[in-house]
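Laboratory data are not the source of any read-out in this text; all were calculated from the coordinates shown. From a predicted model like this one, the values you see are computed outputs, not experimental measurements. Ideal geometry is used to build each Cβ from the backbone, glycine not excepted, and the neighbour counts take in all protein chains shown.
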Amino acid sequence: MEKSDTRPRIGWVGVGVMGAPMAGHLLRAGYRLRVFTRTAARAEPLVRAGAEWAETPRAAAEDADVVCLMVGTPQDVEQVVLGAEGVLSAMSAGTTLIDFTTSSPSLARRIADEAAKRGVAAIDAPVSGGDVGAREARLSIMVGGAEEAVGKVLPLLECLGGTVVRQGGPGMGQHTKMMNQIVIASGMIGVCEGLVYAERAGLDLETALASVGGGAAASWSLANYVPRILKKDFEPGFRVDHFVKDMEIALDECRRMQLELPGLELARALYRRLIDEGWGRKGTQSLVRVTGRSETVS
């Protein structure tokens, strides 16, 4: 990257359903991007728009002021950050690492400790809002990290989200995302079972939703996923297999805290059934297929 430009230099790793639009917002805001993703073709629109291509995560991080991740699993995060060609190996003192991936709180703390040895500030900043929130820069960003480090990159975070809240030190952003996923998991059961019940009872679904969506049952999932379900659109805004990954992280944390959450256990079991039926790469609204069989909504 040219060093004559005073705009912050961003290394970005991961341009999937969420990562691609997020990186695009930063590019349009004037940040200089160098991007890596495992499937190079996915980065082509960003490269055409002015981003540089990097052959490895380490190459994406070289000379970057801030390195951002939006990858799939905690195992991916560990490899991309701490592996032999990981971003941390190329980062220098005074730079910042932001992980937008939903990952484990313990890994976030470990990365923060390793980064601190190099003088690098590490922030865990998982997001909620799905593909729509990513495209429209309306994500809710749950931030864990030192207050000074978070303040330094706040303008970048505000390019991506309408709600940016620091939750505490390293790992606390991930704990907040676990809370978010727990709320959504059980809520999705209610959304899907309510639809199946309404269809079986002979209600006109659009008319019924006009009432339900304006009352106490209103929710983001009801407003955003039900229209997709009614169109039999099961393409992912957020994939089933990724959601199961998140629920399993949450259940691991529950075991560590000696906490039982039966609603979360049920949601995980239902979503795992979807994976067994070959729906793992479809959207989380696909849950309607295993919460009650219906020709109209499943």
Note down the relative contact order for the stretch 24-170 as a percent, whole number, built from C-alpha pairs under 8 angstrom at least six residues apart. 17 percent
Report, in cubic angstrom per residue, the convex hull volume of the C-alpha atoms of the stretch 150-212. 106 Å³
Per DSSP, loop trypsin sites (Lys or Arg not before Pro) in the stretch 25-106 with at most 16 further Cβ within 10 Å: ARG38
Given the DSSP H assignment, sum -39500 (n - 2.57) over each helix run of at least 4 residues in the chain and divide by its residue total; what's the result at 222 nm in deg cm²/dmol, nearest 500? -14000 deg cm²/dmol
Could you tell me what percent of the DSSP beta bridges with both partners in the chain are antiparallel, to the nearest 5? 15 percent
Taking the highest mean first, how do the peptides 270-283, 123-136 order by number of other beta carbon atoms within 10 angstrom per residue? 123-136, 270-283
How large is the Kirkwood hydrodynamic radius of the stretch 14-58, counting all unique pairs of alpha carbons, in Å? 10.2 Å
Cα pair distances in the stretch 21-172, grouped into 10 Å bins until the bin that holds the longest one, percent each: 12, 44, 39, 5
In whole Å, what is the distance between the alpha-carbon centres of the stretch 161-213 and the stretch 105-156? 23 Å
Given an 8 Å cut-off on Cα distances and at least 6 residues of separation, report the relative contact order of the stretch 177-264 as a percent. 43 percent
Considering just Cα atoms, how many Å³ per residue does the convex hull of the stretch 176-289 enclose? 105 Å³
What area, in nm² and to one decimal, does the C-alpha convex hull of the stretch 251-296 cast on average over all directions? 3.9 nm²
Rounded to the nearest whole number, the Stokes-Einstein translational diffusion coefficient of the stretch 100-215 at 37 °C and 0.692 mPa s (Kirkwood radius, C-alpha pairs) in µm²/s is 204 µm²/s
What do you get when you divide the Cα radius of gyration of the chain by 2.2 N^0.38 Å, with N the number of residues? 1.04
With Cβ to Cβ distances under 15 Å as the rule, what net charge do the other residues near GLN174 carry (K, R +1; D, E -1)? -3
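With +1 on each Lys and Arg Cβ and -1 on each Asp and Glu Cβ, how big is the dipole of the stretch 9-169 about its Cα centre, in debye rounded to the nearest 20?
Value, rounded to 20: 200 debye.
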ALA29: net charge of surrounding residues, Cβ under 13 Å, Lys/Arg +1, Asp/Glu -1, itself excluded? +2
Qualifying lysines (Cα of each under 19 Å from Cα of LYS282; at least 8 residues distant if same chain): LYS231, LYS232, LYS245
